[in-house]
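Encoded as structure tokens, the structure appears first; notes follow it.
Derivation of every value follows stated rules applied to the coordinates shown; laboratory data play no part. Since we're looking at a predicted model, the values are computed, not measured. Glycine gets a Cβ as well: all are built from the backbone with ideal geometry, and neighbour counts include every protein chain shown.
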Amino acid sequence: MQEVMVLDGGFSTQLATHVNDTIDGDPLWTARFLVTNPNAIISTHLDFLKAGADIILTNTYQASIDGFSKYMNITEEESLDIFSKAVDYAKEAVNLYKKDIENKANVINANPLIAGSIGPYGACLHDASEYSGKYCSNVTEEFLINWHRPRIQKLIDNGVHILAIETIPCKQEAEALIKLLKEYPNSKAWLSFSCCNDGKSIADGTNFQQIAMQCYRKALPKQILAIGVNCTAPQNVTKLLKGINENNKQEFVPLVVYPNSGEKYTIENGWIIKDEECSLHEFIYEWLTLGVRYIGGCCRTNATDIKKIRLEVEKWKRN
């Protein structure tokens, strides 16, 4: 059976424990801190490693050349250098973690990996369009490929082990990224979508299972490590994933899931917990049984959540 890998959690949520500055609402979001507070970035990565993460993601989800140029008034070359630093900070956290555990026995995540986070074009527009995909009707496949290429190139050049292509809201961008990945045949990635609350569609209305499997099969053989969903409510995940492996006896398709905490966001009150909402921890056993092999958390999840996920994964392995 393929090994289950535990991912990290919501970077902004954990980062907030290390900084006093406002994170949400900043057009660069957490990426600004790659320049202004590298130590906080390293500490955040380290928190997730100590919690049991097998894979940490670089803090580059909302990082872009045009975003850095516009909001930090720096050149393209300087912007790309920030991507290099993002990988360096993740590596530094891994090095610190390995020093911390070198005399400890039975450490489960003794050799953590680094995934280069690639968020959608919409995330960098800073208008929440990564949750609708509305921009995809206004851009070409060629534009999306050219926009993503330098980010992916820089992360690969600086030694990430995996690419985490995440929160993709539309069919066109997913297809563009699969096409772009073929330029890097030695690199592997997972592909994770931003989905609607109907339990069947990605954000632009395309059927999730159809586009996910289409991308999985169109990619170079074994280049896509997993397909799945992130940044969605935990209670929607099973409906989205159910049937991918049960209805596909010829091949096992590894799945990736890192949902939000289960809280709901409202403009008036921000993030709130509703009594009827379910915590992501309640579903872990179910998701693993469906074929999830990469599991972590997204918005509003922190290192404590990752520790709980690690415990649930180890429990599932023993059964």
> Taking Rh as the Kirkwood radius computed over C-alpha pairs, what is the Stokes-Einstein D of region 85-142 at 25 °C in a medium of viscosity 0.890 mPa s, expressed in µm² per second?
Replying inline: 166 µm²/s
> In nm, to one decimal, how far is the SER69 label point from the LYS182 one, both placed 7 Å along Cα→Cβ?
Replying inline: 2.8 nm
> Amide H to amide H, which residues 5 or more places from LEU57 or on other chains are under 5 Å from it, using H placed in the peptide plane?
Replying inline: ASP8, ALA115
>> Could you derive backbone 3J(HN,Hα) for region 83-88 from the dihedral phi with the Karplus parameters 6.51, -1.76 and 1.60 (θ = phi - 60°), listing whole Hz in sequence and x where the residue is Gly or Pro?
In response: 4, 4, 5, 4, 5, 4
> Hey, what do the phi angles of region 122-135 turn into as Karplus ³J(HN,Hα) couplings, whole Hz, using 6.51/-1.76/1.60 and θ = phi - 60°, x for Gly and Pro?
Replying inline: x, 4, 7, 7, 6, 9, 6, 6, 5, 9, 10, x, 4, 5
> In whole Å, what is the distance between the alpha-carbon centres of region 120-174 and region 1-67?
Replying inline: 18 Å
> If you rank LEU57, LEU144, LEU311 by fewest surrounding Cβ atoms within 10 Å, what's the result?
Replying inline: LEU311, LEU144, LEU57
> Which loop-located GluC sites (Glu not before Pro) does region 76-129 contain, where loop means any DSSP state but H, G, I, E or B and the Cβ has at most 11 other Cβ atoms within 10 Å?
Replying inline: GLU102
> Under a plain spin-label model, where a point goes 7 Å from the Cα along Cα-to-Cβ, how far apart in nm are ASP26 and ASN111?
Replying inline: 3.5 nm
> Mind listing the phi-derived Karplus ³J(HN,Hα) values for region 38-55, rounded to whole Hz, using 6.51, -1.76 and 1.60 with θ = phi - 60°, and x for any glycine or proline?
Replying inline: x, 4, 5, 5, 4, 4, 5, 4, 5, 4, 5, 5, 5, 7, x, 5, 7, 9
> Amide H of MET5: which non-local residues (sequence gap of 5 or more, or other chain) have their own amide H closer than 5 Å, using H built in the peptide plane?
Replying inline: TYR294, ILE295
>> Loop-only chymotrypsin sites (Phe, Trp or Tyr not before Pro) in region 1-42, please: DSSP not H, G, I, E or B, and at most 12 other Cβ atoms within 10 Å.
In response: none
> Once you charge only the Cβ atoms, +1 for Lys and Arg and -1 for Asp and Glu, what is the size of the charge dipole of the chain about its Cα centre, to the nearest 20 debye?
Replying inline: 1020 debye
> What are the GluC sites (Glu not before Pro) within region 161-236 that DSSP puts in a loop, where the Cβ has at most 16 other Cβ atoms within 10 Å?
Replying inline: GLU183
>> I need the peptides 150-157, 103-110, 45-52 ranked by packing, meaning the mean over residues of other C-beta atoms within 10 angstrom, with the highest value on top.
In response: 45-52, 150-157, 103-110
> Around THR167, which amide H atoms from residues at least 5 apart in sequence, or from another chain, sit under 5 Å from its own amide H, with H modelled in the peptide plane?
Replying inline: SER192, PHE193, SER194, ASN230
> Where a Cα-Cα gap under 21 Å defines reach, which lysines qualify for LYS308, not counting those fewer than 8 residues away within the same chain?
Replying inline: LYS50, LYS104, LYS264, LYS274, LYS317
>> Just want the ordering: TYR97, TYR258, from fewest to most Cβ atoms lying within 10 Å of their own Cβ.
In response: TYR97, TYR258
